[in-house]
Amino acid sequence: MNDNTFSPSLHGEVYYPSPQVVEQARLKDWQALAEFAEQDLEGFWAREAEELEWFQKWEKVLDDSNKPFFKWFVGGKVNIVHNCIDRHLTTARKNKLALIWESEDGKQVRTFSYYALNREVSRFANILKAMGVRKGDRVTIYIGRIPEIIFAMLACAKIGAIHSVVFAGFSVDALRGRIQDSQSRLVITADGAYQNGKIVELKRITDEAIKECPSVENVLVIRRTGHEVPMEANRDHWYHDLCALPVANGKCPTEVMDAEDPLFILYTSGSTGKPKAILHVHGGYMVGVYSSLKYVFDLKDEDRWWCTADPGWITGHSYLVYGPLLLGATSFMFEGGPVYPYPDRWWQCVEHYGITVFYTAPTAIRSLMRFGEAWPNRRDLSSLRLLGSVGEPINPEAWRWYYSVIGKERCPIMDTWWQTETGMFMITPTPVVPLKPGSGTRPFFGQKAEILDEAGNPVPQGQEGYLVLLRPWPSMLRTIYGDPERYVQQYWSKYPGKYLTGDSARQDEDGYFWIIGRTDDVIKVSGHRLGTAEIESSLVSHPAVAEAAAIGLPHEIKGQAIHVFVLLRVGFAPSPELAEELRQHVAKHLGPIARPEAVNFVDKLPKTRSGKIMRRVLRARAQGLPEGDISTLEE
Ligand code: WTA
């Protein structure tokens, strides 16, 4: 079967797009574009890039002379911020709302037109420059879901600094490791962040973390909660104090960057060891994010887009911060979560702001499902026209609930499979593609995917195997910052020439891809990507723990939950109190999102003869499943 066509009679549970959906869609002929992109990859991406503004046009679309270090739009001069903000200021979009923000308690609403956004970002950029931040410097950003996190990210990009956002659900150890690795000179944080009515002490956590970060010269503090926080003279500065200075004016030129100049690093968990700094660049990342959001969520000027992700993860980077601005859209950002104080908080926002396109994670859908239909049914959701899902496989029950209760069987669900590394959607439908609950359908334009066995041969149709991507794409990670060897080894060495995703998947008889899960030691807790290594090293930092192993086990709401196996040091005895203490320890040091669901005390951990913990065996045992091949297990 041709990858670029859909058979007229697809197998299984299929939802075909309605005539209204096709009528509305910007791109009606999926096959024609897929065909074009397959035959002329560079031509396709050049055409997409031409829709954006360049200070100087590229000489070459794709340079693959030094694989796997691909380059895109070589010789082009650009700045993503010019396309997110500056170029809209000379059009009618100048006075259009770029951002609507609502506080968790609903008492505060802040709105920013493109004109106002430019002023805020320019002011922030001028302050960064006055603090000595230069092109290429790394800046760590550790703030909750408030507009200032967007201003800070864009301000860095505007002056050519490299931002490194750390999710506010991480704590001291995670923050410290990321600052140390990136060698940031500046940390931007806030006095605190609200979470379910409580305050997360971001500034205190920052203080604790930077005790061991000699690279940090300054800390810029945003006031959000207004509670007392310690400020160290000459190092810590209130943002609002600096805003009063003459340098903090609302005009700042946008730095001319090379298309391949770094835009940001974002740490993510991989199979082993410490988190990897995934590097994205100005040119290709911009084009990939722009094009994917345009085709998949079909944003138009009249839309109101809501991506519920946190800016601390890639979904927030690509589709909350950069993507909607590249398209000149109006975005809504909400400080809180779905069920606080009531399980209709999100639907209240959809109704109030007239959200038209809504993008969230399966874990949120499942947690809302639990409270029943009455909550969404109390709200008018008729403004919605498209829905989206990301972060983990969506189980068909959650898909159907989302489709019928939220979308009223009118709104197609874009189940977008992608990764921090890919920067943009990689396997995804567009609104005109027939959907199957739980499948991301087919690769995006210009992409091809395959499912391989251990030896690198394509598996027979229907069977599970390693998911790989075959063709380069503009928003692909360029390297692991500071560790190019690990980049090659991690993604390009198992099957030379093919990008290893780390996921297992199968393909059905219609060519649809079904993601099964990670094949490495990554755990997806409520869609958040965590590594076993970080959790384990957090546990071993507790005086009672000699050795630890962490695994992910299925969880009804969270998708996966963290279960840990702990070997105690001599002199310590297992007890429920100690188990609780260890859970708290991980939450306090690594972050509340990493708090283990269950702590199991063991006398021995299954290991290979070379001493590697066999988490696979632990997982199988915990679920009462066959242990598989244990020939490498030590006695
Ligand atoms: C998983 C998040 C199934 C997958 C954008 C991937 C998904 C990892 C989906 C990347 C989806 C993401 N269906 N699984 N629609 N989207 N994943 O880097 O295992 O936080 O490898 O990027 O999330 O997680 P990351």
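The values are calculated or read from the model by the stated rules, or taken from the named source; none is laboratory data. Given the structure is predicted, the values throughout are model-derived calculations rather than measurements. So basically every Cβ, Gly included, is an ideal-geometry build from the backbone, and we count neighbours across all protein chains shown. Heavy atoms of the whole protein, side chains included, go into the accessibility calculation; ligands, DNA and RNA do not. Shrake-Rupley method; radii C 1.70, N 1.55, O 1.52, S 1.80 Å.
Quick one: net charge of Leu266's neighbours, Cβ under 11 Å, K/R +1, D/E -1?
+2
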**Q.** By average C-beta atoms within 10 angstrom, highest first, the peptides 148-156, 375-383
**A.** 148-156, 375-383
Q. At what distance in nm do the modelled label points of Lys588 and Glu464 sit from each other, each positioned 7 Å from its Cα along Cα→Cβ?
A. 3.8
Q) Taking Cα atoms of segment 440-491, Rg/Rh with Kirkwood Rh, to two decimals? A) 1.04
**Q.** GluC sites (Glu not before Pro) lying in DSSP loop within segment 421-459, provided at most 10 other Cβ fall within 10 Å
**A.** Glu454
Q.
On a straight-distance basis, which lysines could pair with Lys107 in a cross-link, Cα separation under 22 angstrom, same-chain partners fewer than 8 positions away excluded?
A. Lys198
Q) Which of the aspartates and glutamates could be linked to Lys211 by a straight reach, that is with a Cα gap under 18 Å, when you skip same-chain ones fewer than 8 residues away? A) Asp173, Asp181, Asp191, Glu201, Glu232, Asp236
**Q.** Ordering of 433-445, 230-242, 195-207, 281-293 by burial proxy (mean other Cβ atoms within 10 Å per residue, highest first)
**A.** 281-293, 433-445, 195-207, 230-242
Q: Could you work out the Rg to Rh ratio of segment 197-336, with Rh taken as the Kirkwood radius (inverse of the mean 1/r over all Cα pairs)?
A: 1.00
Q. Just for the chain, what percent of DSSP beta bridges are antiparallel, to the closest 5?
A. 60
**Q.** Which of His163, His11, His352, His555 is most accessible, then next, and so on - probe 1.4 Å
**A.** His352, His11, His555, His163
Q: Could you state how much accessible area Thr5 has, in square angstrom rounded to the nearest 10, with a 1.4 Å probe and all protein chains kept in place?
A: 50
Q. Given the rule -39500 (n - 2.57) for each run of at least 4 DSSP H residues, summed and divided by the residues of the chain, what is its mean residue ellipticity at 222 nm, to the nearest 500 deg cm²/dmol?
A. -7500 deg cm²/dmol
Q | Local electrostatic count, Ile613, Cβ distance below 10 Å [Lys/Arg +1, Asp/Glu -1] | A | +1
Q. Based on the Kirkwood radius over alpha-carbon pairs, what is the Stokes-Einstein translational diffusion coefficient of segment 277-426 at 37 °C with 0.692 mPa s viscosity, in µm²/s?
A. 211
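Roll a 1.4 Å probe over the protein chains and send me the accessible area per residue for the chain in Å².
That works out to 38 Å² per residue.
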Q. For segment 197-333, what proportion of DSSP beta bridges, expressed in % and rounded to the nearest 5, is antiparallel?
A. 50
(Q) Quick check on my link table: of Lys96/Lys448; Lys77/Lys129; Lys96/Lys158; Lys135/Lys494; Lys67/Lys274, which ones sit more than 27 Å apart, alpha carbon to alpha carbon? (A) Lys96/Lys448; Lys135/Lys494
Q | Carbon/sulfur fraction of accessible area - the chain, other protein chains in place, 1.4 Å, % | A | 50
Q) Using the C-alpha atoms of segment 531-586, what convex hull volume per residue, in cubic angstrom, is computed? A) 79
Q: Take each of the peptides 91-104, 616-629, average the number of other beta-carbon atoms within 10 Å over its residues, and list them starting from the highest.
A: 91-104, 616-629
Q. What accessible surface, in Å², does a 1.4 Å probe find on Phe371, ignoring ligands, DNA and RNA and rounding to the nearest 10?
A. 90
Q) Within segment 511-635, what percent of beta bridges assigned by DSSP are antiparallel, to the nearest 5? A) 80
Q.
Quick check: with the 1.4 Å probe, what order do Trp514, Trp72 take by accessible area, largest first?
A. Trp514, Trp72
(Q) Starting from 0.36 nm per residue, how many nanometres of slack lie between Arg87 and Glu581 once their C-alpha separation is accounted for? (A) 172.5 nm
Q) Å³ per residue of the Cα convex hull, for the chain? A) 158
**Q.** Proximal charge balance of Cys213 [Cβ under 13 Å; K/R count +1, D/E count -1]
**A.** 0
